[in-house]
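Peer 1: My questions will all concern the structure given below.
The values are calculated or read from the model by the stated rules, or taken from the named source; none is laboratory data. Predicted model only: the values in this text are computed from it and were never measured. Every residue, glycine among them, receives a Cβ derived from its backbone with ideal geometry; neighbour counts consider all protein chains shown. Accessible surface is based on the protein model in full, side chains and every heavy atom, while ligands, DNA and RNA are left aside. Shrake-Rupley method; radii C 1.70, N 1.55, O 1.52, S 1.80 Å.
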Amino acid sequence: MSATLDPIQEMNKDHKMVRDILLKLLEAVEKKDAETALEMLLELDKLGGPHFRAEEETMYPILKKFFGEEYYNRLLEEHDRVIRAGRKIAQILGKGYMTDEEAEEITKMIRNDILPHPVTCEGLGIFMERLTEDELRRIAESIDKARREGVPLLQWAQEIRERKV
Ligand SMILES: [Fe+2]
């Protein structure tokens, strides 16, 4: 089944879903609707876990041959920022309401720490197009495996990811 999965397309679909969820999340925060905001955050958690996992386990290491160690590290730092922001937002929304200051803080975290990921990562797609069939197949298999295991982002960051933040 994984042989037929196109990793570039799959990542692109994920990023568009993330974009839509983030926009809904921003809208909910603007209305200070903590319940909807938390629902959206949980969607991100569910989608982001397997996505980041496949990126870190295969896609980024494979792409490193194009952009080298330093930029590879920057990509991991970008994931760190998303994880930290996700945790902080979950903490705020978990109590069932948000103050004006918290709503502003969440909006800033979404815009500065989370939204940049789909922007950066979609750009990587044009480099994925230059990978070999074998490399693409390895990424496809890793996406498939991570999705089947389905560990949400914050749980993955806590329990499975070697890099701790
Ligand atoms: Fe991505």
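Peer 1: Assess whether R53 counts as being open to solvent by 60 Å² or more (accessible area, probe 1.4 Å) and within 13 Å of the ligand (Cβ to nearest atom).
Peer 2: no
Peer 1: Given (1) exposed (fewer than 12 other Cβ atoms within 10 Å of the Cβ); (2) within 16 Å of L63 (Cβ to Cβ), where does L136 come up short, assuming only one miss?
Peer 2: For L136, the exception is condition (1).
Peer 1: Right, here's the next one. Against the definition (in a helix (DSSP H, G or I) and over 17 Å from P152 (Cα atoms)), how does K46 come out, yes or no?
Peer 2: no
Peer 1: Tally time: how many residues in the range 9-41 are without any contact (Cβ under 8 Å) to a residue 60 or more places away in the chain, open to solvent by 80 Å² or more (accessible area, probe 1.4 Å) and more than 16 Å from the ligand (Cβ to nearest atom)?
Peer 2: Within the range 9-41, residues that are without any contact (Cβ under 8 Å) to a residue 60 or more places away in the chain, open to solvent by 80 Å² or more (accessible area, probe 1.4 Å) and more than 16 Å from the ligand (Cβ to nearest atom) number 5.
Residue-by-condition table, conditions (1) surrounded by fewer than 20 Cβ atoms within 10 Å (Cβ to Cβ); (2) under 14 Å from the mean Cα position of the chain (by Cα); (3) over 25 Å from I143 (Cβ atoms):
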position: G48; (1), (2), (3): no, yes, no
position: Y71; (1), (2), (3): yes, no, no
position: V82; (1), (2), (3): no, yes, no
position: L93; (1), (2), (3): no, no, yes
position: G96; (1), (2), (3): yes, no, yes
position: K108; (1), (2), (3): yes, no, yes
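So that you can scan it fast, the table gives a plain yes or no per residue for (1) modelled with pLDDT of 95 or more; (2) within 15 Å of the ligand (Cβ to nearest atom); (3) within 25 Å of Y72 (Cα to Cα):
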residue: D100; (1), (2), (3): yes, no, no
residue: R111; (1), (2), (3): yes, no, yes
residue: F127; (1), (2), (3): yes, yes, yes
residue: R130; (1), (2), (3): yes, no, yes
residue: E133; (1), (2), (3): yes, no, yes
residue: R138; (1), (2), (3): yes, no, yes
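Peer 1: Still on this model: Quick one: which residue in G94, G68, G150 is more than 13 Å from the ligand (Cβ to nearest atom) and either of a type in the set (D, E, K, R) or farther than 30 Å from E27 by Cα (or both)?
Peer 2: Among G94, G68, G150, only G68 is more than 13 Å from the ligand (Cβ to nearest atom) and either of a type in the set (D, E, K, R) or farther than 30 Å from E27 by Cα (or both).
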